[in-house]
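Can you read through this structure? Questions will come right after.
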Amino acid sequence: MNPSDIILETRGLTKEFKGFVAVSDVSLKVVRGTIHALIGPNGAGKTTCFNLLTKFLTPTRGSILFNGGDITRETPEHIARRGIVRSYQISSVFPHLSVLENVRIALQRPTGLSFQFWRSERALDHLNARALDLLEQVDLGPFASAETVSLPYGRKRALEIATTLATEPELMLLDEPTQGMGHEDVARVTELIKRVAAGRTVLMVEHNMNVVSSIADTITVLSRGAVLAEGPYARVSNDPAVKEAYMGTADAQLEGVGH
């Protein structure tokens, strides 16, 4: 594989908390233009790994490279400016603004206008067309003028993806994008992720194996903080060690775990 194909790489990434090893010697390679899923049982270290990648935690040992450059010691702000943008398990939108206004705020960040509250709202009208385009991409065009608090949960997650896209990320980190959703919302958001991932790179933590099996190009399985297996879904789902980690027996069926 050409080194330029690797957008994100970790080498021996380790995080210890007072003697407890939450992430142990994790080495990942995320290929540009793919969807890469990080899965594992509860307590496997997935969220800690995400917190290390976005610099909300500092690794005890190891390094993180983005586009070949070492970003291990950079701040979360620098990471975001480089184009690594994370969405969270809990929807993080402004509930009492309209759907359009939420996206427009995200579009303001690169302009430097977001903190200039004395400006007339009309100064931001030039962002409306781009905001509406992003809403159309996530099937929220008809909801543009709705108050965000009125949206169903799955639509709020779609809005969060739209606000993430507004920052023009080179690498999107999605943290449990379908958590807490019913079947219909899961199907909608799964299709949405697949659509917006075209031409982008996505690294996602996800419990729902049906979601992972349908959209992930590569899956890394964590167990007790360490990499247990990696590869396409067909390979990892048939790995006896993975079945045992999830279900307690090597004969277990992995399909559908995570509902």
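When the chain is modelled as a GNM with alpha-carbon springs shorter than 10 Å, which of Glu101, Glu168, Glu74 fluctuates the most?
Most flexible of the set in this elastic network: Glu74.
A follow-up question, please. Which lysines have a Cα lying under 25 Å from the Cα of Lys18, excluding residues fewer than 8 positions away in the same chain?
Leaving aside lysines fewer than 8 places away in the same chain, those within reach of Lys18 are Lys46, Lys55.
With angles folded into 0 to 90 degrees, how steeply does helix 153-166 sit against the dominant principal axis of the chain? Use alpha carbons for both and round to 10.
Orientation of helix 153-166: about 80 degrees from the principal axis.
On the protein heavy atoms, probe 1.4 angstrom, tell me the percent of accessible surface of segment 5-100 carried by carbon and sulfur.
Of the solvent-accessible surface of segment 5-100, carbon and sulfur hold 54 percent.
So, one more: Pick from Val221, Val196, Val205: which is most flexible by mean-square fluctuation in a GNM of the chain where alpha carbon atoms under 10 Å apart are linked?
Taking springs between Cα atoms under 10 Å, the residue moving most is Val196.
With every protein chain kept in place and ligands, DNA and RNA left out, what is the accessible area per residue of the chain? Probe 1.4 Å, answer in Å².
Spelled out: the 1.4 Å probe surface of the chain, per residue, equals 48 Å².
Val149 versus Glu77, label points 7 Å from Cα toward the beta carbon: distance in nm?
So the label points at Val149 and Glu77 sit 3.2 nm apart.
Just how far, in whole angstrom, is segment 3-60 from segment 142-213 if you go by their alpha carbon centroids?
Cα centroid of segment 142-213 versus Cα centroid of segment 3-60: 21 Å apart.
Based on the mean of other beta carbon atoms within 10 Å per residue, what is the order of 237-245, 17-25, most packed first?
Those peptides, ordered most packed to least, come out 237-245, 17-25.
Using a 1.4 angstrom probe on the protein heavy atoms only, could you order Thr164, Thr218 from most to least accessible area?
Thr218, Thr164
Lys/Arg Cβ at +1, Asp/Glu Cβ at -1, dipole of the chain taken about the Cα centre: which of Val205, Gln108, Asn128 is farthest positive-ward?
So the residue we want is Gln108.
Accessible area of segment 126-259 with a 1.4 Å probe: how many percent of it is carbon plus sulfur?
For segment 126-259, the apolar C and S fraction of the accessible surface comes to 50 percent.
The values are calculated or read from the model by the stated rules, or taken from the named source; none is laboratory data. In this text, all values refer to a predicted model and were calculated from it rather than measured experimentally. We place every Cβ from the backbone using ideal geometry, glycine too, and count neighbours over all the protein chains shown. Ligands, DNA and RNA are stripped out before the accessible areas are found, and what is left, the full protein with its side chains, is counted by its heavy atoms. Shrake-Rupley method; radii C 1.70, N 1.55, O 1.52, S 1.80 Å.
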